[in-house]
Amino acid sequence: MPGPFSFLSRKKPTSLPFKDYYENWFNTLKNTLLPLLHQSLSSPSPSLLPFRRDLLLQHFLFYYDSLDQAAAVDVCQILFPSWRNSLETPFLFLGDLHPYLFTNLLRSFIDAANNNKTQNPESLDKPYQVLTAWINPPEKLILRIEQIECGLRLMVPPLISRVRKVQAAFIRKVAEKWDSNERFKKKGIREAVKAEMEEMLDVLMGANRLRRSVIIEIVNAANVYQGALFLEGLAQFLVGFKDTALVGEFRRCKMMMMMDINGGGTHWGF
């Protein structure tokens, strides 16, 4: 019987698409690991919290390892993920969540805790360490966040630049071969596509290394409660993308905007 991740092997051209793997991964995140972590965060005894935090962390890291393996088989299915809905698309960068999102999410937790210190009645049953995890965070944590953000500002633009160069080179090679006879044109285009896919695979893996690194660095910089809350928030963020009511509202607003643009529905009062 094949293993649960055997479809990621290069040797099996008939393997299942990554969409099926992602669905299983997401269901485990939503229905198993997230409830377990939430249970520990609500418990007065923190004995299982480090273990369940690490379970969720490893789940995210294993996802990016699997993403790399799937991209090595077919980079196009990762660059243009059919399993992502219209609500998720604006947050994507080279096939998955933009690495800026991780630090922005962390900042939002800190800002919310310190700008509104009135406790939500629904959270009063949580341990004190959880309720106060983001209030007045230590200077060491803030400094580490700033260092991570600085690293992102240095590393994301070169990835974008590489994508542009790869696309420009591909267009140039195809244009050069377009006037050739049919046999040489097909050969030239195949070679150009192969070269572009190899380059894009390398860029995508670089983006995944960056995503993994940011998540690990955030968890390592935080204490056990902060790290668990960050991972819980990241998981809830992903789960929120699948909220059918939210997705439906997003699509409705998008359709109304398109109707205004195409039908002249926007009136400026001139």
Count - residues of segment 164-186 that are surrounded by 13 or more Cβ atoms within 10 Å (Cβ to Cβ) and at pLDDT below 90: 8
Flag if Glu196 is at pLDDT 80 or above, buried (at least 17 other Cβ atoms within 10 Å of the Cβ) and among the charged types (D, E, K, R): yes
Val130 farther than 30 Å from Ser43 by Cα, part of a helix (DSSP H, G or I) and among the hydrophobic types (A, V, I, L, M, F, W, C): no
Residues satisfying the stated conditions in segment 20-34, i.e. aliphatic (A, V, I, L, M) and more than 15 Å from Gly240 (Cα to Cα): Leu33
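With the condition kept exactly as written, say whether any residue in segment 22-31 is acidic (Asp, Glu) and within 19 Å of Ile215 (Cβ to Cβ).
Restricting attention to segment 22-31, the residues satisfying the condition of being acidic (Asp, Glu) are 23.
After this cut, where a residue has to be within 19 Å of Ile215 (Cβ to Cβ) as well, the list is none.
No, segment 22-31 contains no residue that is acidic (Asp, Glu) and within 19 Å of Ile215 (Cβ to Cβ).
The values are calculated or read from the model by the stated rules, or taken from the named source; none is laboratory data. Note that this is a predicted model, so its numbers are computed, not measured. Cβ sites come from the backbone with ideal geometry, for glycine too, and all protein chains shown count toward neighbours.
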